[in-house]
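Notes follow once the structure below has been shown.
Bear in mind these aren't lab numbers, they're just calculated from the coordinates by the rules spelled out. Bear in mind that the values here come from a model prediction, so they are computed numbers and not experimental data. Here the Cβ positions follow ideal geometry from the backbone for every residue, glycine too, while neighbour counts run over all protein chains shown.
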Amino acid sequence: MNQAYPNYLNTLNNQQKEAVLHQEGPLLILAGAGSGKTKVLTTRVAHLIETKQCFSNQILCVTFTNKAANEMKERIAKLTNLNSNAVPWLGTFHSISNKILRKYAEAVGLKPSFTILDTLDQLKLIKNILAAENLDPKHNPAKFVAYQIDQWKNKALLPPEIKVSSSDFMRINALKVYKVYQERLRVMNCVDFGDLILHCITIFKNFKEIQNVFKKNFKYILVDEFQDTNFIQNLWLNLITDNHNNICVVGDDDQSIYSWRGAEVKNILDFEKNYQKTKIIKLEQNYRSTKNILNSASSLISNNEDRLGKKIWSDFNDGEKVWVNSYGDGRDEAIGVSDIIEKELINHFSINNISILVRAAFQTREFEERFIRIGLPYRVIGGTKFYERAEIKDALCYLRLIHQKSDDLAFERIINTPKRSIGDTTLQKIHEVARKNNKSLYDTSLEMLDGEELKPKTKDSLKNLIKLIQQWTKFSKNLGHVELLEKVLDESGYTTMLMNEKSPEADARLENLKELRISMKNYSNLIEFLENISLQTAIDEEWEGEKINLMTIHAAKGLEFECVFLPGWEEGMFPHQKSIEEKGDIAVQEERRLAYVAITRAKKRLFISFANNRKFFGSAKNDNNDWMPSLPSRFIDELDKTYLKINEIAEEKFNDFDFAQDLTFNQSKKSPGWQRYQEEKIKEKVKTINYTNNLTNFKIGHTVNHETFGNGKIIHIDGNKVLINFKNVGEKKVIDKYLQKIDNE
DNA sequence: TAACAACGCTTTTTT
DNA sequence: AGCGTTGTTA
């Protein structure tokens, strides 16, 4: 092309420019954290469109999350002056598969109006099948079966292709359920997340002419977060990529954090083998973080083996050192964090740019409570998904049933909500007949209204319900979906049920239903709404307003913030105990990559912290027992101290009280933490924690007692940490103040 | 059938 | 501690 570089190329460095301008053939971009990979991808798409190398609908661009997809759409729109839907085939593997499947549903025996089941529906269906197949759910937990089915689907395996060892009873039963499960889904005209991709694979394999439609159409393919794609997603890409091999993937082996979903780092290595003459470009300059943050991250990740090896560098200045703070317990940690925010950060940064990233979702709770108490606005991203809340699911199931009578799960959910005196016995009867005749619960109910099997009283309430559903169905043909929801909630008695409850939870539920009504307005009709919500993780306006962000590290992938807090860096929590137990060192390496992702989210300020004592669920044998001493994460030791400022002394506890301006900020969404807090306030449950500060000077060889671990002998002392060989639980490191000397001389 | 008590399990990470 | 599942009673 004989023209000067367009403007958008001027802001790129040489490697980035090379990646954008690369023309034909496979391209692998190894992009370090903060090296501008989104910029490269969006600019590459814009460049393809601007230079007319193809039409915008001939570009396939796959991202990992909807959030990433939306951001890319916006950025491409800005670069090209087109609207944000200029690239129609930009989305997640699941959303693009959904689009394909809606068009060719018949090829796998589905109707295009199929419903996408979420994890809860899936679990419920599996439980039903376990019951129907007389499999004991104690020996065959529905969760295991669901997990196993998912794993099989991630490997593109359908029941006939699966071989299970004859001694592996759990998997034999899981396979049995899998078969029935797929049949039931078909009858119900439903799919699960895995099916979206799996059905596409089946279609591509069985119908070459359909496969060719896509192969021929997509002139350029781009894949983001390639290190986190799994087997079936790679297969999917393979089947859709034409001989031109114009496939460009971006990935970072150090940020591979989804192996539990079947992702393999080796996909990056294999890319070169799968696609001949792959061009490789490394993006190693970081444009995000200060040197102190970047170097801390590098020192940590250097403890991993089998890395492709990149040299990430930055010409930013050193910035502040990374703080490592130690706190007495989780509550102190939350106080300490909020203190730093109020005293150090609030005057220099927008609080939208402050983020607290945790290993597991429940860890946000302590911070939520603290922020509510002192009146700092916050948002929880991810967490309990809006569409999975009970009241939202109930409402959706009414709509799902109106839309599709074969949706047994929806029918089952609403048949007795609100209470209509149609209990388990009745439902069981309907189930049996439905199974015998291979019909849906709804159709079976219709038939059973004429029969004698049901008691007259239950028959009456069932008749009423069916009559209502029929009326709503009729109504839905002529009027809007929002009005339909209102009518359904009103006439079903659902709203009345909640209003009669008069509890704070019920109020929050009514609020949530209002929220649902508002979000429905973003869709033009019922079908469009139902087709899209299943793939939506949360409501979109999340980012509005000035709020501190709380989320898991996984959810923070691809995001960046000026200030980042990383609390809970304790052995067992991070790296997580389960991951260590399940897969040992391999898993610890993945946890380490997760820690690396977490650190590299920060641009200017980073605060890592741990608590010396952590409250945890369960084992309330006595009141002291729900506190466990904890040890700093091994990842803290692995950070190069030159870049750190370590505060060994725990934050001093200060007198904590409710501020009068409590809750003056606009907390539009009622998060679970908020609800819990309200309930606790009502119960006037004030929690106080008492500490005993009488440190004892132990010596090696002393026999001591620990509240949790019992008796043992001290074999090593390191400051206030004592290594003890316990009679019952073996060697453990604990903190001295939890020990009592036993006089056995 | 509904309301209530007892029990046991939970918390990794997500499309 | 909190939630869902199971058992007991009216």
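Results, tabulated for the structure shown:
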{"read-out": "Intensity falloff of segment A:313-402 expressed as log10 I(q)/I(0), Debye formula with alpha-carbon point scatterers, at q = 0.13, 0.19, 0.24, 0.26 Å⁻¹", "value": "-0.62, -1.00, -1.31, -1.40"}
{"read-out": "Relative contact order (%) - segment A:117-187, alpha-carbon pairs under 8 angstrom, separation at least six", "value": "35"}
{"read-out": "Cβ charges +1 (Lys, Arg) and -1 (Asp, Glu), total dipole of chain A, debye", "value": "1620"}
{"read-out": "Residue-count net charge about A:Lys219 - beta-carbon cut-off 11 Å; Lys, Arg +1, Asp, Glu -1", "value": "0"}
{"read-out": "DSSP H segments from chain A that extend 27 Å or more along their own axis, Cα-based, with Kyte-Doolittle mean of -0.5 or above", "value": "A:169-188"}
{"read-out": "Estimated Rh, segment A:38-125: Kirkwood, alpha-carbon pairs, angstrom", "value": "14.5"}
{"read-out": "Peptides ranked, highest mean first, by Cβ atoms within 10 Å: ranges A:580-586, A:416-422", "value": "A:416-422, A:580-586"}
{"read-out": "Protection proxy ranking of A:554-564, A:423-433 - average other beta-carbon atoms within 10 Å, highest first", "value": "A:554-564, A:423-433"}
{"read-out": "Set of segment A:155-185 residues, backbone N closer than 11 Å to the point 7 Å along the Cα-Cβ line of A:Phe144", "value": "A:168-174"}
{"read-out": "Kirkwood-type radius of chain A, with distances r between different C-alpha atoms, in Å", "value": "28.9"}
{"read-out": "Principal axis dimensions, largest first and in whole angstrom, of segment A:405-451 by Cα", "value": "28, 22, 16"}
{"read-out": "Gyration tensor (Cα) of segment A:129-169, equivalent ellipsoid semi-axes in angstrom", "value": "19, 13, 10"}
{"read-out": "Qualifying GluC sites (Glu not before Pro) for segment A:270-313 [loop in DSSP, other Cβ within 10 Å: at most 13]", "value": "A:Glu305"}
{"read-out": "Segment A:390-518 - Debye-derived log10 I(q)/I(0), Cα point model, q = 0.13, 0.14, 0.15 Å⁻¹", "value": "-0.55, -0.63, -0.72"}
{"read-out": "Stokes-Einstein D for segment A:129-198, Kirkwood Rh over Cα pairs, 10 °C, 1.306 mPa s (µm²/s)", "value": "128"}
{"read-out": "Taking segment A:400-467 and dividing mean pair separation by its residue count, relative contact order in percent (alpha carbons under 8 Å, at least six apart)", "value": "33"}
{"read-out": "Equivalent ellipsoid semi-axes, segment A:48-185, via Cα gyration tensor eigenvalues times 5, rooted, Å", "value": "40, 15, 14"}
{"read-out": "Cα-based convex hull, segment A:193-302, per residue volume (Å³, whole number)", "value": "130"}
{"read-out": "Simple label model, 7 Å out from Cα along Cβ direction - A:Asn85 to A:Lys477, nm", "value": "2.7"}
{"read-out": "Burial order of peptide ranges A:224-231, A:450-457 (average beta-carbon count within 10 Å, highest first)", "value": "A:224-231, A:450-457"}
{"read-out": "In nm, spacing of pseudo-spin labels at A:Lys291 and A:Asn13 (7 Å Cα→C-beta vector)", "value": "1.5"}
{"read-out": "Antiparallel DSSP beta bridges within chain A, as percent of all bridges there, nearest 5", "value": "35"}
{"read-out": "Interchain or long-range residues, amide H under 5 Å from A:Val358's placed H", "value": "A:Met551, A:Thr552, A:Ile553"}
{"read-out": "Whole-number D in µm²/s for segment A:472-514 (Stokes-Einstein; Kirkwood sum over Cα pairs; 25 °C, 0.890 mPa s)", "value": "220"}
{"read-out": "Normalised contact order of chain A, rounded percent, pairs of Cα under 8 Å and 6 or more residues apart", "value": "16"}
{"read-out": "Charge dipole of segment A:99-221 about the Cα centre (unit charges at C-beta), most positive-ward option of A:Cys200, A:Phe169, A:Phe144", "value": "A:Cys200"}
{"read-out": "Those GluC sites (Glu not before Pro) in segment A:16-99 that DSSP places in a loop and that have at most 15 other beta carbons within 10 Å", "value": "A:Glu24"}
